[in-house]
Structure formats: C-alpha cells, structure tokens
1. Just give me the residues in segment A:178-200 being in contact with an Asp or Glu (Cβ under 6 Å, 6 or more places away or on another chain) and either more than 23 Å from A:Ser332 (Cβ to Cβ) or surrounded by 15 or more Cβ atoms within 10 Å (Cβ to Cβ) (or both), in sequence order.
2. Which condition breaks for B:Gly5 when tested against (1) near DNA strand D (Cβ under 9 Å from one of its atoms); (2) more than 20 Å from A:Ala115 (Cβ to Cβ)?
3. So A:Ala259 passes all but one of these: (1) within 28 Å of the chain's Cα centre (by Cα); (2) of a type in the set (A, V, I, L, M, F, W, C); (3) at pLDDT 95 or above; (4) farther than 25 Å from A:Ala214 by Cα. Which condition number does it fail?
4. Contact list please: Cβ distance under 6 Å, first residue in segment A:17-36 and touching a residue at least 12 places away in the same chain (Cβ under 8 Å), second residue part of a helix (DSSP H, G or I) and near DNA strand D (Cβ under 6 Å from one of its atoms), pairs at least six apart or on different chains.
5. Give the residues of segment B:5-16 that are more than 21 Å from B:Gln60 (Cα to Cα) and surrounded by 13 or more Cβ atoms within 10 Å (Cβ to Cβ), sorted by residue number.
6. Any idea how many residues of segment A:17-57 are surrounded by fewer than 17 Cβ atoms within 10 Å (Cβ to Cβ), within 7 Å of DNA strand C (Cβ to nearest atom) and assigned to a loop (DSSP other than H, G, I, E, B)?
7. Identify, by number, the condition in (1) in contact with a Gly (Cβ under 9 Å, 6 or more places away or on another chain); (2) within 13 Å of another protein chain (Cβ to nearest Cβ); (3) surrounded by fewer than 24 Cβ atoms within 10 Å (Cβ to Cβ) that B:Ser294 doesn't meet.
8. What single numbered condition from (1) touching a residue at least 60 places away in the same chain (Cβ under 8 Å); (2) within 14 Å of chain B (Cβ to nearest Cβ); (3) surrounded by fewer than 20 Cβ atoms within 10 Å (Cβ to Cβ) fails to hold for A:Arg270?
2 protein chains.
Amino acid sequence: MRRSGVTIRDVAAKAGVSITAVSHALNDKGTVSAATRERVRRVAEDLGYQADAFARGMRQSRIDAVGLAIRSLDVLGDYTPEGVYVFDRFAGIFAAKALARGLSVTLVPDISGKAVPPLAFALDGYAVMTPQEDDPVTAILERRGIPYVTYGREPGREHRAWASEDDADAARKALHHLEAAGARSIALVSGADRNAWNLEYAEEYEAWCGRTGAAVRRYSQPEGSGVEGGAEVARRIIADGMPDAVLCMTGRHAAGLQAELQSRGVVVPRDVMVFAASDSEQARMAKPAISAFSFSPAETAEALLDLLVQLLESGTCDGPRRTKVQMRARASTRRASSEA
Amino acid sequence: MRRSGVTIRDVAAKAGVSITAVSHALNDKGTVSAATRERVRRVAEDLGYQADAFARGMRQSRIDAVGLAIRSLDVLGDYTPEGVYVFDRFAGIFAAKALARGLSVTLVPDISGKAVPPLAFALDGYAVMTPQEDDPVTAILERRGIPYVTYGREPGREHRAWASEDDADAARKALHHLEAAGARSIALVSGADRNAWNLEYAEEYEAWCGRTGAAVRRYSQPEGSGVEGGAEVARRIIADGMPDAVLCMTGRHAAGLQAELQSRGVVVPRDVMVFAASDSEQARMAKPAISAFSFSPAETAEALLDLLVQLLESGTCDGPRRTKVQMRARASTRRASSEA
DNA sequence: CTAGTTAGGCAAAACGTTTTATGCAATACT
DNA sequence: AGTATTGCATAAAACGTTTTGCCTAACTAG
C-alpha cells in the first residue's frame, strides 16, 4: 500500500468529531469552535495526518503544483554536452524558488504530442520556456484554460504574462559596444528558432544597419548545432568577405566560429571581433576569451513566479517583467584601437 | 474551470456503452469485444478525452510520476555560481530520460521538514540524490512505504536500490595515477557530508596510506564552500608542510586550492600535483588545467530509472549498479619526471 | 414568554475514476 | 434436454476529500 493509511476519518474518530469538522478545522473554512479546531489540529499532528493530494485535487482546483515546460528536454535529449546548461540550470533555480513558495514543480516535456504524462493537465499552471511563434504548447494550455507564464515573449501572441531579459536593450548595447570598439560592418549569427530572443536581436540589428548604413549580413544556424555549427558559419562568412565584427546568439556558436576563423589565419580581435549574446563555458574558455552577456536566472525565475502566482490567484497579472543582462567585456572585443 | 470537461461519462454516452466498458476498453482490463473496444477508443480520441489524473490516482496506486529529491535545491538555494551544475544538470537529464519512459518528474525539496508539498507523498516513487548517513529523506520514504532509489549508496543502510559511479574504483585509480607520476605523500581534501562518495574515497585513501606507509593527511571542508574553501585548505596544508600531491573531492576546491598555493610561490605540478575527484569548469579553466574525473550522468540516470521501474513493478530490483568515471589527465598531474 | 438569530456541528452529496460483483445470452458439454 | 461454461456487458461500490444543506441548542430581542 502506498497510502500512509491515516485518513481524515481516523482523525475524526480519534478527535470525536465528524469528518466535516476535521476538514473545516484544518482548512479554516466553516464554523468550528476554537476549542474543537485546536483539538483536531493536535490529533492530526499526532497521527501524522496529511490530506491525500488526489482526493483533495478532485474537489478543489488547486493542488499547489506547477509544470515547467522545458524545450531543451525535447531538443537536446541525450545530447547535453558540458557547458550547455542554460535550461537545466534554470529548471533547478526555478524549482528552488517555487518550492520556497510552497509550489511543487513538475518537469514536463512536449505536451503537444501523443503521450502526455497523466499529471500534465492536472497541474495548477505552467511556466513555458522560450515559446516560439505559433507555439503548440501555449496553444494547448490556452485551449485547456490552464494559466501559464512564459520565459520570453511569444512572438505573435497577445499575452502579458511573461518575463525575460530585455533583449532589445541588450542587442543595442552589444551593437554599441562593437561600434565603439571600431566596428563598422557587423554580421549577425541568429539561431533557427522563431522566438522573441532571436527575433528582437534581428530587429535591432537591422535597425542599426539602417541607421549606420551598414550592409545587413545575417546568418542563421540551429542553436543545437553547437561549436561545429559555429565553425560552419565561419566558413560562410569568410566566403562572403570579412566584417569587422560578428555577433553570435550563443556562446558555443561564437567559440566554434572564432576557432575556425583563427585556423584560417584570421586574428581576433585584430581582424574581426566576436561577441556572444549569451555566455557559456566555451566563450569563457576561448582564446581570446569571448565577450558575452550573462543572465540572472534567479531574478527572472522570481519574476516568472510572481506573475504565475498572481495569475493563479486573481486570474490576471501585471506583466511583462524585464530583467537586465550584464556585459562581460573580454579580450575578443578589445581592440588596440579602442585601448589607445 | 481547470478540468477539460470531457469525462468518462461523456465518452460512454457517445459510444452508447457503460462507463465500465470505457474504462476497460481504454485500459485493456476487463472483457470487452474487439468491436466495442475500437469504437470506444475512436470516440475517446474524437472527444479528446483524457482520464483525470486525480480521480485515477485515487483508485490505483500508480500515477506515473516520480519525485526527484535534490539536495542542492536545499543546500545551494540561490547560490548557484556558474560552473556548479552537477545536480541541476542531473535533474534535467534524469527528467528527459524518465519522460521517455512515460514518467513525469517532480522536483521536491526537503520532505523531512514541516511544509511538504501536497503532491510529495502521492508520487509513485522517488530518486534521492546522494543520501547521507541517517538521511531523513530516505527514512521518511521508508516509513511511508514509498519505493525509492538513491544516487549513491546510503552509508549504514541496507538497501540495494542504488546506482552511482564506482567510487572505490575511482579512488584507487586516482591514487595510482598520482603515485605513477611520482607522488609518495598525498593529502585528501574531503567534503563535509557523510555520504558514500566522501566515505569511500576516504576509505580507499587510508588503505593506500596503509599499504605504502605514507602518513594519513586528511582535510575536511564543506563542499558548498567552493573556491574560497579550497584556498582555506591550501593555507592549512602549507602550514602542515607540503605533500607531493593533493586529491580534492570537488573541482572547485581543487581550483581554489591550486590558486592559493600558487600565490604563495608553490609551482604546480612541479612542487605539488592537484587532482579533482569531480570535474568542473573551474578545474578545466585553471592554469595549469586540473586533472579530474568526469561522470556519465546520462548512464547513471538510466541505471537509476531501470531500478526504479523494477521497484515500482515488482517491488524488488537487481541493484546496485555501478558506472565508470573517465579520467581527464591534465597538466596539473603531468610531471617532468613522469614525462621522461 | 415567544420568535428570531446565531454558533456549532453533522449527514450526505459530489468529484471522476477503477474495480468488484453480478447478470444475461449464447455456446459447449453430458 | 438439461446443465456448465464462456463472452460480453453493466450496476454499484469504493477511493478520501471538500462542500452543501440541514439540524439543534443556546442565545437575543421584543
């Protein structure tokens, strides 16, 4: 038997009251005398009683458990090379913060597929990581009426319940940083997903090109392709002629790209500067170390939880919330000219 | 309303059968004709019916959801410095593998405390990370009769359902590696937790000392103390006189220790070699890079799931399972003498 | 003194499943 | 022909809560 055995009936019997009284006493619901409430509570404590989650879930809607829909669990799967922990790490941090608020966190893969875990639709709400345009996951949640917040805006959907780094602001800062270091032509290496993160960087990038009159040089590469994907882009860029700087969305792309450029005689940062929109071990370990933005997952997780709790309690929330990234300026964008 | 609305009754009505027939048809349980089964299934599909997890959980024990008790969520909390992802990363990998077997994974903090999430005791089973001696978490699971497996043996408890790296074997390999590189006296920097990982290394270490006649020089430092903790140990070691090599349990301790030694004029690996029993970014980035063992979390997660599923299905399992670590020999243990 | 209110308590319904026990044909056996 | 057996289907019980509606006794107001 899995159940601990002690039910509300046992408590009621031992306390000499009805099960209604027990339920009311423990949940501060009906009208129970202070004396009875106290007695019931003591008995429940003694017996180690804890209401069965399923029985309770059947009656009331809330079960104090939320789902976390992590894309990397589907996309990466087994392929979790050292240094790629963005999502896994966020999961841990998010869970720790949720638990501090009394919420369990259930990790859920793709709920848009066939085999959906039984618990998936029984959860109180969801946090969805980096939704894409026309995301099937948010669509399902929407249809089922399950409240959700997203890490990153979902492009094309009107929804205020999201939090993320301020991507547009970060993009401008990155471009400005490179420009200040002497870059006149900049190439952008985007990821392949159509999420806010990629789209907003692209938008700011094109605005920058328009403003400065620089040619738009945009390359796309699946984020999962990693270091090798970066190298591949490097070859394309060389074929097209070198820009003054390359802005990569991921640290792994940046590292792979830089290494490939160097193997072909290009000197970083002298000939070209490299910048990563998201930091990673590969970026930090590269020689020269690659400048990058580092995030504050704890802050973002907290913001998401604020919104989710608001949503669960009142049905609305005061999102979106934006957090700031921090620039780690490293040697890959430190030009002699800018040091002079 | 959270519930999707379509219940087993709706399916029964539309298919023109009893709810019993529906339940049996969908779960391959009772005696239903092939024709009826097919019809029911089609109707259920059409209506998008999915059995309510709570209602189902009330009747049968299994709900296809397991808990993952991660210590780092309690211990580390907010403090998740870059480079320390062992547990978080394991959570992600474990979840991905569990989901491939149709199991949801719920992250659970300390279930030994007061405020236990309602879902915690309703789960089918648990995976507990690195239990300590007299671990309160396993004690509670034991008392409640909830099946569980542990990542790492729990010292002092007779329990076969665990998997982990083969710590004793790894310890011998590390000591042998250092000895082969010329080390005659070795210091061991353990963590403070009384878990199998720390204890088995200590045991093998003392056995090695006994065999070679070397003095036992064991230092203890909380694993959470990180790089600074390593530096602190370095000062203690210097005060006691330098050994030929230091074997640290964590990469962060090793890195902090090495840096502190170097700042005091000690040259690595010439004067002293440094080895980390668990790899980390700090170990990889140190100069010289620190030799370390890297794990195969995917393999261990798979083994744990094998055992857990066996346990859920039959009540017993064929554990324990041991996985191998891989040695990353780096410059911190590469002596001129051993190269000659 | 009587009618109305209130505080405290309880029985029973409801939640949506699974499981158990039972019924009814139709077929097989003696 | 009468009796087991089998195949299919169902009604009803059970799971452990929360919630609804009702009851009683005690108090309050007139």
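1. Residues satisfying the conditions are A:Ala183, A:Ser185, A:Gly191, A:Arg194, A:Trp197, A:Glu200.
2. (1)
3. (1)
4. Sorted first by the residue in segment A:17-36, then by its partner, the pairs are A:Val22/A:Ile8.
5. B:Asp10, B:Ala13, B:Lys14, B:Ala15, listed by residue number.
6. 4
7. Here B:Ser294 meets the rest and fails (1).
8. Only one criterion in (1) touching a residue at least 60 places away in the same chain (Cβ under 8 Å); (2) within 14 Å of chain B (Cβ to nearest Cβ); (3) surrounded by fewer than 20 Cβ atoms within 10 Å (Cβ to Cβ) is unmet by A:Arg270, namely (2).
The values are calculated or read from the model by the stated rules, or taken from the named source; none is laboratory data. Remember, it's a predicted structure, so these values are computed and weren't measured experimentally. Positions of Cβ are backbone-derived with ideal geometry, glycine not excepted, and every protein chain shown enters the neighbour counts.
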